[in-house]
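A short worksheet on the structure shown next.
Please treat every number below as a calculation from the coordinates, not as lab data. If you're wondering where the values come from, they're calculated on a predicted model, not measured in any experiment. Note that each Cβ is placed from the backbone with ideal geometry, even for glycine, and that neighbours are counted across all protein chains shown.
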Amino acid sequence: MKEITANEFEQEVLKGGKVLLDFYSTECPPCEALFPKLESLEKLFVHDIKFMKIFRQGNRDLADKLGVKGSPTLLFFENGEEVCSRLSGGIKRKEIIRDLRHLMDKKQIDSIMNSVKPTVTHTDVAILGAGPGGLTAGLYLCQAKIDTTLIDIALPGGNVSTTHMVSNYPGFIDPQPGYMLSHNMSEQTKKCGTVYKVAVDVTKVDLLKKEIIIDEFETIKAKKIIIATGTSPNRLGIPGELEFKGQGISYCATCDAKYFVDKEVVVIGGGNSAIEEADFISKFASRITIVHQFDKLQANKLAQEKAFNNPKISFMFEHEPRAFQKDGDKMLVEIEDLKTKEMKTLRSDGIFVFIGLKPNLELFGKALELDQWGYIKTNEDMQTNVEGVYAVGDVGSKKYRQITTAIADGTIAAIAITKEID
Ligand SMILES: Cc1cc2nc3c(=O)[nH]c(=O)nc-3n(C[C@H](O)[C@H](O)[C@H](O)COP(=O)(O)OP(=O)(O)OC[C@H]3O[C@@H](n4cnc5c(N)ncnc54)[C@H](O)[C@@H]3O)c2cc1C
């Protein structure tokens, strides 16, 4: 994929015909997951559309001028005009293909997509999700010489890769950058010989038949499936949230905090993630206002102490966001004072939302038995109610969701499966 700079923008993009432009950042897992998707689509659409990327940090003025406020952001141009709304965050391959219709005739797109020949591969164990749980299961299975395929919609690493520093993972004296910890876990599992199919779209999963379709044309048939799909950030579900996601509203501090040097930021939430990430954002931003619905924080005591002693951070307790708006470059959030019912408007340069997580289960239909909070029930071997299907890590029903508990689950499932397959 061709890389351009701001100086080439006019020539390459505005005068470039049909162009798909990816604003990316470094240390941005969703950006890295997007590259292979764009590169594979570029091969298919090479005669019709130009695929280009531009480094957001190195071309900030252009990014600001175009109102690009999240990484990655994908823009679609035809003859110098932007032709549809932008894609940002964890962008799916099928969303890009869907939006290509703004640049090309649908029949033409279908004909190119239909030229891709379907394939079928067989594996002993298919693991869905390459976070700590899935990677550990992959490592143990691979070391037991069991043919294993690890599938992820993003690059390996899971939530650890977007955590700034991890201080409670045993074996390291000093806190470790999350992306390094997850990188090492992934390399260890890969080196053993586990097959990786990552940064793909998981199109369909049939737990009963043990079949997984990826990128619409590749079917993977397995004897066992391990679900290790973890969790995703909860959305507030209020007006303006979807509209301004990636354009002022972010769910990933490691991806976007660096763009808020000397800027004012609002953080929504009061649990561990919100308070630890606010501390990280304060390395860049000049002022952070934490808006929290309760009268005290839910984060652990150490994180709370750090936040209360951070001169850049102030708190609005018992306030809840009701809507987001934009005023030029500024983000506006309307918040309600839960005690007085008074509405207030906070003005800032950007908003980070950390209000808890939900299990990633959308693809599994109704076959799985869930607990009252919607997490997958398992027995002590991590087996679900569906024969041959296991669940490990944060997606499973449990009291404590940590890296160590996810890798413990992965270990147990892999050993149980090894015994069964033997
Ligand atoms: C901001 C933050 C900070 C944290 N800090 C710490 C900490 O300091 N210490 C600690 O111990 N824990 C911490 N945690 C918790 C820790 O990250 C999790 O407990 C751990 O990552 C769980 O691992 P997992 O493998 O179950 O899931 P995840 O890490 O969530 O990984 C799930 C993987 O599944 C993939 N996936 C999702 N849907 C699909 C699908 N349909 N098909 C295929 N793949 C899919 C995802 O892309 C992802 O790679 C933190 C969490 C967050 C959010």
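Before moving on, here are some points about what is shown:
- Charged neighbours of Ser286, selected by a Cβ distance under 12 Å, balance to +1 (K, R count +1; D, E count -1).
- Considering only alpha-carbon pairs that sit under 8 angstrom and 6 or more positions apart, the relative contact order computed for the range 329-422 is 17 percent.
- The distance linking the range 231-267 with the range 321-335 is 12 Å (Cα centroid to Cα centroid, whole angstrom).
- Estimated from helices alone, the mean residue ellipticity of the chain at 222 nm is -7500 deg cm²/dmol (sum of -39500 (n - 2.57) over DSSP H runs with n ≥ 4, per residue).
- For Leu100, net neighbour charge (Lys/Arg +1, Asp/Glu -1) across residues whose Cβ lies under 12 Å away: -1
- From the alpha carbon centroid of the range 118-170 to that of the range 345-422 is 13 Å.
- Each DSSP beta bridge with both residues in the chain is either parallel or antiparallel, and the antiparallel ones are about 45%.
- Structural descriptor for the range 2-114: relative contact order 34 percent, calculated from alpha carbon pairs under 8 angstrom and at least 6 residues apart.
- When only alpha carbons are used to place a centre, the range 35-111 and the range 303-317 end up 39 Å from one another.
- Convex hull projection area averaged over all views, the range 249-353, Cα basis, nm²: 6.0 nm²
- Over the range 1-102: Rg over Rh, Cα atoms, Kirkwood Rh: 0.91
- When cysteine pairs in the chain are screened for C-beta atoms closer than 4.7 angstrom, the residues that find no partner are Cys84.
- Taking a ≥ b ≥ c as the square roots of the Cα gyration tensor eigenvalues, the chain comes out oblate, since a/c reaches at least 1.5 and a/b does not exceed b/c.
- Charge context of Lys223, other residues only, Cβ under 13 angstrom, K/R +1, D/E -1: -2
- Neighbour counts of other Cβ atoms within 10 Å put Ser167, Ser232, Ser282 in the fewest-to-most order Ser167, Ser232, Ser282.
- The trypsin sites (Lys or Arg not before Pro) of the range 179-225 that meet both conditions, a loop assignment by DSSP and at most 11 other Cβ atoms within 10 Å of the site Cβ, are Lys209.
- Of Leu38, Leu128, Leu363, the sequence from fewest to most neighbouring Cβ atoms within 10 angstrom is Leu363, Leu38, Leu128.
- Working from Cα pairs under 8 Å separated by at least six residues, relative contact order for the chain is 15 percent.
- Taking Ile173, Ile109 and counting other C-beta atoms within 10 Å, the order from fewest to most: Ile173, Ile109
- GluC sites (Glu not before Pro) lying in DSSP loop within the range 345-422, provided at most 12 other Cβ fall within 10 Å: Glu369, Glu380, Glu387
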